[in-house]
Structures are given as structure tokens and as C-alpha cells.
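K.L.:
I'd like to ask some things about the structure below.
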Amino acid sequence: MLLRGLIASVERGLNRVLRMDGTALPRLARLQGKVIEIDCLSPALQLFILPSDEGLLLASQWAAPADCTLRAPASSLVQLALSKDKTAVLHSPQVDLSGDSAVLLDLVKVLQDLELDWEYELQQWLGPVATQLFSGHVHSRARWARQGFDSLSQNLGEFLAEESRTLVGEREAEARFAELDQLKIDTERLEARIERLSRSLDSSDNA
Amino acid sequence: MAIIFPGDSDMNDQRKGSDAEPTTHFGYKNVPESQKAEKVAEVFHSVAAKYDLMNDVLSGGMHRLWKRFAIELSGVRVGNKVLDIAGGTGDLARKFSQLVGPTGEVVLADINASMLKVGRDRLLDLGVAGNVQFVQADAEKLPFPDNHFDCVTIAFGLRNVTHKEDAIASMLRVLKPGGRLLVLEFSKPTNKIMSKVYDAYSFAFMPLAGKLITNDSESYRYLAESIRMHPDQETLKAMMVQAGFDRVTYHNMTSGIVALHRGIKP
């Protein structure tokens, strides 16, 4: 019952978030009637997801058969949730996907494409003027933080590569990797020649 | 008027009084069968307006999780026909409407006009329309064709029915073969300590809360008494088997305070 309560709370929160994107619910409506089973192997936990035009219904069990079943350990599920290349994760040996995989991929796509209109939600509480002032402040802070982070990472990279020489620079590393690749190809070519030479020597001895 | 105490083992509705008319229980009281429906109706007319609030207060919100479990076990899918008897304020009907989609059908039935009105208004206010019908109907004589529904539910309603056997038989009749009946109802706690605590809670707090919130302590005294008079888990299971249901199982929730029975029509 505790788990059911927890799932109900997550469902409520998730649907609230989904309602903040104007396109999410109509897209979920196209998946209405589908049942997705997420079967976490370690720790053992089952979750059923039923999309509809009102959001997602989450359940710890479901009496009807699922259209799509995803079985994987928790680590793979987290990886699947965060990874951009979901197909690669789905093809890994720890992940077992059965049924109509398009249903799951469609659901993931809807969740990935979420663009939350949090200002609209905030406006319900604070009113339009206060929300505009607040969101303007948040946007400028976010822009400043993003620029600051980009600048910091660039400066740090340059310092480590160019000044302290702790790390090899990107271009230098690429040149060295190219040399290594060329060396590898040359070695393989040499190995093939020696092989061919030894085979020709063996055949002349036999003659 | 005779008083029946919870210790009495006979849960059968067909009790005979000293006069000619059969009697049945109304809480701990024994009343002529013809009067029970009217008395139950009075209770629900009285509490209808604040029914949801009282449910939340008295169960601490747990009734939502109990109903959620019933929905999980219903296995309802798109296009299904669902009958929610004693549907009250439409908690289950709302979820079923979402699950069956535009090609399905949900019937919210209640014998009590006040409850049905509250349920209808609430669902319409929430934008639930199109695949939901509202029918004032007696669970013992359901006005639907045979083999019509994929799933029939009755949540916290069966204990108020005068002839439970007739109601279960009527639900069996309207279900399609393979259809599911789900009975969500208060039952007998499985833990003795919990039972004592629950008794104290039911007979002290519930009437008091009823008095404070709806100014009607008697209705909530009836609620506590009717729960004690309702068949326990095994008795209700036997009644469903007797009616003709197959694969009857039940799940206790919150230490048996509530049980969900499920049976399949063969």
C-alpha cells in the first residue's frame, strides 16, 4: 500500500508537469489503450504505464496483458532514461524488450520533447506582472550562468592544455591519434606481407 | 426493535422477525426488509454533499489507494463496457472513462438520486462526458441486458444492499462470460490489535467527525455498524462462489479493514 501511495504521488506530480506542455497530452492521447510494463530486475519492481489524454496512469500491477514489456536492471533503465542514443541501450545484452517497441519509443519521445511552460503555471499563482518580473530575472540569471559556465570550461581547458601542460591539447591529441592510426595500419600491412612471404617460402620448400 | 450485535455469527439477510414480514439489519437494528432501502437512502441523502470530504477525513485519504487497487485489478481496456454500481461520486467511473476511451462505455449506477446527482455534476465539471451514462438503478434488479458488461464494480456499496445474494446474482447476469466482478468493501481486520483500535476509532471518532462536518452523527454510527454486520472475507467469497462466480479471490488491504473480492463469470 505504501508503494501504491508513492506511485500515486509520482503520477500526480508527473501529470502536473505534463500539463505544462501544450503538446504532450494530445500526443499521449494517440497512445491511449496501450499498456507498457517496466520490469526492473534489480531491485525487483514492476511498473505499468498507461498513457491517455489526461496524462499517465502508473500502476504497480495490471490485470490485462501489456503491449510492450521492458526488462532491465535499474542501472540500464537509468541509462535508457538519460541517454540520447536510446537504440544502443535497448540493444545491450542486459535489456530485454518484447512486444510493440514503438509504443515505448513514442512515449519516451513525448517525455524527451517536453517544453515546460512554467511561466504559465507561475502566473496562476503570482499574476502576470510579478511573473514577468520574476521570469525576466530568472532568464537573465540563467543566461549569465550558462555563459559563465561556458567561459569557465573553455578557460580551464586552455589552462590545462596550453599553460600548465597537464593535459594534451585537443588538436595535438587528434594529430597523435592520427599518427597512431597510421602506425597501426602500417603494422597490419607489414604483418600481412610477412605472412604472405612465409607462405611463399613454405610452398617453395615443399616443391 | 431487536438489536443484533456484531458477535452474532449469522450474516444472512433473510432474518425472520416475530411478525410475518422478513427483517434485515440496518446497522445493529433489525428492520423490515421493505424499510431498509428507504433508511439507507436517508443516510446517503444526508451525507451526499460532503461525501468525498468525509471519505478523505475518515480514511485519511486511504480510500483513494483502495480504489486504485480495484482499478489495477479490473484489467479494463479500450472499448470495454464497465458498470460501476453504487458509484456514488464517481471516483471509479472517472478512471474507467479514461481507460475505456471513446469506443468504450461506462455506466455509473446508484440507487440514491442525491449521490447520483453529486457524481454526475462532479464528472461533468471535470469534463468527463461522452462515454459515461448515469443510471438510477437497484443493484438487486439491474436494468441491463444479459452478458453485456466486461467488468462490474461495486465499491463500498454491497453492505447497504438488502438482499446481497440477489445483487450478486444480478451482477453475474449482466456480465459477459469471462467478465470480472470486483467488490471493494469494508471487511474484518485480520489483526486483533488492529481490530480493537479500529473499533474504538469507528464508534468514537467516526460519529464525532460526522457530527462536526455534516452535523449528522447517526449516519456515521450507521456506517460503523453496517461495516460490522457485513459478511467477512470468507463469507463473501462463499456467496460469490454460490452465485456462480469462478476463480473467486480476495485481497486484504490495511490489515483487512478493507477487502477486494474478484470473481470471473464462467
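The values are calculated or read from the model by the stated rules, or taken from the named source; none is laboratory data. All values derive from a computational prediction rather than experimental measurement. Counting neighbours? That spans all protein chains shown, and the Cβs are built from the backbone with ideal geometry, glycine included.
K.L.:
Is it fair to say A:Ser140 is over 26 Å from B:Ser97 (Cβ atoms) and free of Cβ contacts under 8 Å to residues at least 40 places away in the same chain? Steps first, answer last, please.
P.N.:
Working: over 26 Å from B:Ser97 (Cβ atoms): yes; free of Cβ contacts under 8 Å to residues at least 40 places away in the same chain: yes.
It is true that A:Ser140 is over 26 Å from B:Ser97 (Cβ atoms) and free of Cβ contacts under 8 Å to residues at least 40 places away in the same chain.
K.L.:
In addition: Mind counting the residues in the stretch B:133-160 that are without any contact (Cβ under 8 Å) to a residue 40 or more places away in the chain and not polar (S, T, N, Q)? Walk me through how you get there before you give the answer.
P.N.:
So in the stretch B:133-160, the residues without any contact (Cβ under 8 Å) to a residue 40 or more places away in the chain come out as B:133-136, B:140-141, B:143, B:145-147.
Of the ones still in play, those that are also not polar (S, T, N, Q) are B:134-135, B:140-141, B:143, B:145-146.
Residues that pass the stated criteria total 7.
K.L.:
Also: So which residues in the stretch A:38-57 are under 21 Å from the mean Cα position of the chain (by Cα), in contact (Cβ under 8 Å) with a residue 24 or more places away in the chain and under 17 Å from B:Val78 (Cα atoms)?
P.N.:
Hits for the stretch A:38-57 are A:Ile49, A:Pro51, A:Leu56.
K.L.:
Taking strands (runs of 3 or more DSSP E) that do not extend beyond the stretch B:8-86, which have at least 1 residues that are more than 18 Å from B:Asp110 (Cβ to Cβ) and at pLDDT below 70?
P.N.:
Details: elements: B:22-26, B:29-32, B:81-85.
Because the criterion is at least 1 residues that are more than 18 Å from B:Asp110 (Cβ to Cβ) and at pLDDT below 70, the strands (runs of 3 or more DSSP E) in the stretch B:8-86 that meet it are B:22-26, B:29-32.
K.L.:
Just need a number here: residues in the stretch A:9-36 that are among the acidic types (Asp, Glu), within 11 Å of chain B (Cβ to nearest Cβ) and more than 18 Å from A:Gln61 (Cβ to Cβ).
P.N.:
Taking the stretch A:9-36 first, the residues among the acidic types (Asp, Glu) are A:11, A:21.
Within this subset, residues satisfying the condition of being within 11 Å of chain B (Cβ to nearest Cβ) are A:11.
After this cut, where a residue has to be more than 18 Å from A:Gln61 (Cβ to Cβ) as well, the list is none.
Residues in the stretch A:9-36 being among the acidic types (Asp, Glu), within 11 Å of chain B (Cβ to nearest Cβ) and more than 18 Å from A:Gln61 (Cβ to Cβ): 0 in total.
K.L.:
Mind telling me which of the residues A:Ser101, A:Ser52, A:Ser75, A:Ser42 ends up being hydroxyl-bearing (Ser, Thr, Tyr) and over 21 Å from A:Val10 (Cα atoms)? Before the answer, list the steps.
P.N.:
Values: A:Ser52 fails: over 21 Å from A:Val10 (Cα atoms); A:Ser75 fails: over 21 Å from A:Val10 (Cα atoms); A:Ser42 fails: over 21 Å from A:Val10 (Cα atoms).
A:Ser101 is the lone residue from the list that is hydroxyl-bearing (Ser, Thr, Tyr) and over 21 Å from A:Val10 (Cα atoms).
K.L.:
B:Thr162 is checked against (1) farther than 29 Å from B:Glu38 by Cβ; (2) outside any helix (DSSP H, G or I); (3) modelled with pLDDT under 90 and fails just one. What number does that condition carry?
P.N.:
(1)
K.L.:
Checking B:Thr89 against (1) over 17 Å from B:Val161 (Cβ atoms); (2) away from every other protein chain (no Cβ under 13 Å); (3) at pLDDT 90 or above: exactly one of these is not met. Which one?
P.N.:
Result: B:Thr89 passes all but (3).
K.L.:
Do we find that A:Pro73 is modelled with pLDDT of 85 or more and either touching a strand residue (DSSP E or B) at 6+ places or on another chain (Cβ under 6 Å) or under 18 Å from B:Ala70 (Cα atoms) (or both) in this structure? Give the derivation first.
P.N.:
Numbers: modelled with pLDDT of 85 or more: yes; either touching a strand residue (DSSP E or B) at 6+ places or on another chain (Cβ under 6 Å) or under 18 Å from B:Ala70 (Cα atoms) (or both): no.
No: the conditions fail for A:Pro73.
K.L.:
Then there is this: Name the single residue, out of those in the stretch B:210-254 being free of Cβ contacts under 8 Å to residues at least 24 places away in the same chain and among the β-branched types (Val, Ile, Thr), that is nearest to the other protein chains (Cβ to nearest Cβ).
P.N.:
B:Thr249
K.L.:
Run A:Leu6 past the list (1) hydrophobic (A, V, I, L, M, F, W, C); (2) more than 14 Å from chain B (Cβ to nearest Cβ); (3) in a helix (DSSP H, G or I) and report the number of the one that doesn't hold.
P.N.:
(2)
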